[in-house]
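**Student:** There's a structure below that I have some questions on.
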Amino acid sequence: MTEWLLVAIVGLGTVALKGVGPLVLGGRRVPDRLTGVVSLLAPTLLAALIVTNTFATGTALVIDARVAGMAAAVVAIVLRAPILVVIVVAAVAAAVTRALT
Amino acid sequence: MKEKRRTLPAGYAEGVRRAAPLAVAVFAFGVAFGLLARAAGFSVVVTLVFSATTFAGSAQFAAVSVLSSGGSLVAAVVAALLLNARYAPIGASVAPWLTGPWWRRLLIGQITVDESWVISNEGGGRFDPRKLVGAGLLLYAAWLVGTAIGVAGGGFLGKPEDLGLDAAFPALFLALLVGQVHDRRALVAALLGGAIALVLVPLTPAGVPIIAASLGCLIGLRRPAPPATPEDDPAAEDGLP
């Protein structure tokens, strides 16, 4: 029962969070000033996602194998590797680090 | 490498192609989620409904682990919705590029997740809705099929972490961020966003750092940006939180 309540509330809430922008603003041109803000949303959120996906475990900041994966990714990016290679290199580096530690 | 393909089916195909490596990781985490939910006492049906409606890995993991570690329903719901709150600004950012009837926009919003959003982002506030749909549908299928296999007891894959797949997501985000930072403003916004998130992780519940960091894009108010859209709608909408 608790599971169904959880799924219903989180499911509906997420559908609403994801849907509100496309429903309300769909197809409209936004004013230039807002465009300036929205165009910076991608780099800003990406950087935040990188930080949380690399260093956060719950509410703790940790240094673990993911950091090794990211270091390898940086090298691959500097060497102008294709994105697929960057992803694979990061995963392999993290897996190997985790296996060794 | 071809960067600009503009014909109709190619846009969708390009989204699928770019999402393919991520779909492998999403699938593996789907399996892991199915296993976790099953271990926490969730039924097969409720677990599948969860993945089908919410389609957000971090929120689903958080909700199930809060509940299974003895937390209250309210705590689980709050944790999950905080983690998903970023989808309000993310949805608003793609909205101008979505056309068609309301139900179609609503559906596309549902498959707008971190990875599909990033893949369809063409910089300067532009998004390709076809890439978004192609990538989103593939990732959605990977998440659902992964969940189904996990909940059916598919422990054969091993933990996604052992395969290093948890490093695949930030690596993708970094590779795409590098392509986004064309000027000083974008660089400042990215550094600001990363710094806000880093500072807030230990201080706030998970999810809050990302939402707070998104406010970093407000530095875009300081100077007029090169317009991504030719015409200007003077009936100003307040689309951002």
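The values are calculated or read from the model by the stated rules, or taken from the named source; none is laboratory data. Owing to the predicted nature of the structure, the values given are computational and were not obtained by experimental measurement. Here the Cβ is made from the backbone with ideal geometry for all residues, glycine too, and neighbour counts use every protein chain on show. Accessible surface areas use protein heavy atoms only, side chains included; no ligands, DNA or RNA. Shrake-Rupley method; radii C 1.70, N 1.55, O 1.52, S 1.80 Å.
**Student:** Can residue A:42 be described as open to solvent by less than 20 Å² (accessible area, probe 1.4 Å), within 23 Å of residue B:184 (Cβ to Cβ) and at pLDDT 90 or above?
**Tutor:** Details: open to solvent by less than 20 Å² (accessible area, probe 1.4 Å): yes; within 23 Å of residue B:184 (Cβ to Cβ): yes; at pLDDT 90 or above: no.
So residue A:42 fails the test.
Conditions tested, residue by residue: (1) of a type in the set (Val, Ile, Thr); (2) more than 17 Å from residue A:42 (Cα to Cα).
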{"site": "B:78", "(1), (2)": "yes, yes"}
{"site": "B:84", "(1), (2)": "no, no"}
{"site": "B:97", "(1), (2)": "no, no"}
{"site": "B:112", "(1), (2)": "yes, no"}
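**Student:** I would also like to ask the following. I need the full set of residues from segment B:120-140 which are among the hydroxyl-bearing types (Ser, Thr, Tyr) and in contact with an Asp or Glu (Cβ under 8 Å, 6 or more places away or on another chain), in order please.
**Tutor:** Just the residues of segment B:120-140 that are among the hydroxyl-bearing types (Ser, Thr, Tyr), to begin with: B:120, B:140.
B:120 - this is the single residue of segment B:120-140 that is among the hydroxyl-bearing types (Ser, Thr, Tyr) and in contact with an Asp or Glu (Cβ under 8 Å, 6 or more places away or on another chain).
**Student:** Another one. Residues of segment B:67-111 being basic (Lys, Arg) and modelled with pLDDT of 90 or more, which ones?
**Tutor:** The answer is B:104, B:105.
**Student:** Are any of the residues in segment A:84-91 of a type in the set (Gly, Ala, Ser), closer than 13 Å to residue B:169 by Cα and either buried (at least 21 other Cβ atoms within 10 Å of the Cβ) or under 16 Å from the mean Cα position of the chain (by Cα) (or both)?
**Tutor:** For segment A:84-91, residues of a type in the set (Gly, Ala, Ser), closer than 13 Å to residue B:169 by Cα and either buried (at least 21 other Cβ atoms within 10 Å of the Cβ) or under 16 Å from the mean Cα position of the chain (by Cα) (or both): present.
**Student:** Enumerate the pairs (first residue in segment B:150-177 and within 11 Å of residue A:91 (Cα to Cα); second residue anywhere and modelled with pLDDT under 90 and small (Gly, Ala, Ser)) with beta-carbon separation below 6 Å, excluding pairs fewer than 6 apart on the same chain, so at least 6 apart or on different chains.
**Tutor:** B:160/B:28; B:160/B:32; B:165/B:25; B:165/B:28; B:168/B:25
**Student:** Pick out the one residue from B:78, B:26 that is open to solvent by 20 Å² or more (accessible area, probe 1.4 Å) and part of a helix (DSSP H, G or I).
**Tutor:** Criteria check complete, one pass: B:78.
**Student:** Among the residues of segment A:74-83, is any open to solvent by less than 40 Å² (accessible area, probe 1.4 Å), free of Cβ contacts under 8 Å to residues at least 24 places away in the same chain and within 27 Å of residue B:204 (Cβ to Cβ)?
**Tutor:** First pass over segment A:74-83, keeping only residues open to solvent by less than 40 Å² (accessible area, probe 1.4 Å): A:76-77, A:81.
Those left that are additionally free of Cβ contacts under 8 Å to residues at least 24 places away in the same chain: A:76-77, A:81.
Among the residues that remain, those that are also within 27 Å of residue B:204 (Cβ to Cβ) are: none.
Within segment A:74-83 (the criterion being open to solvent by less than 40 Å² (accessible area, probe 1.4 Å), free of Cβ contacts under 8 Å to residues at least 24 places away in the same chain and within 27 Å of residue B:204 (Cβ to Cβ)), the answer is no, since none of the residues qualifies.
**Student:** Provide a single number: the residues in segment B:141-171 that are modelled with pLDDT of 85 or more and under 18 Å from residue B:44 (Cα atoms).
**Tutor:** So the answer is 12.
**Student:** Output the number of residues of segment B:197-214 satisfying the condition of being over 16 Å from residue B:84 (Cα atoms) and more than 7 Å from every other protein chain (Cβ to nearest Cβ). Outline the logic, then answer.
**Tutor:** Start the filter on segment B:197-214 by keeping residues that are over 16 Å from residue B:84 (Cα atoms), which leaves B:198-200, B:202-203.
Pick out the ones that are also more than 7 Å from every other protein chain (Cβ to nearest Cβ) and you get B:199-200, B:203.
Matching residues across segment B:197-214 total 3.
**Student:** Suppose we filter segment B:102-111 for residues that are in a helix (DSSP H, G or I) and either more than 8 Å from every other protein chain (Cβ to nearest Cβ) or under 17 Å from residue B:170 (Cβ atoms) (or both); how many remain? Even if it seems obvious, please write down each step before you answer.
**Tutor:** Of all residues in segment B:102-111, those in a helix (DSSP H, G or I) come to B:102-110.
From what's left, either more than 8 Å from every other protein chain (Cβ to nearest Cβ) or under 17 Å from residue B:170 (Cβ atoms) (or both): B:103-104, B:107.
So the count comes out to 3.
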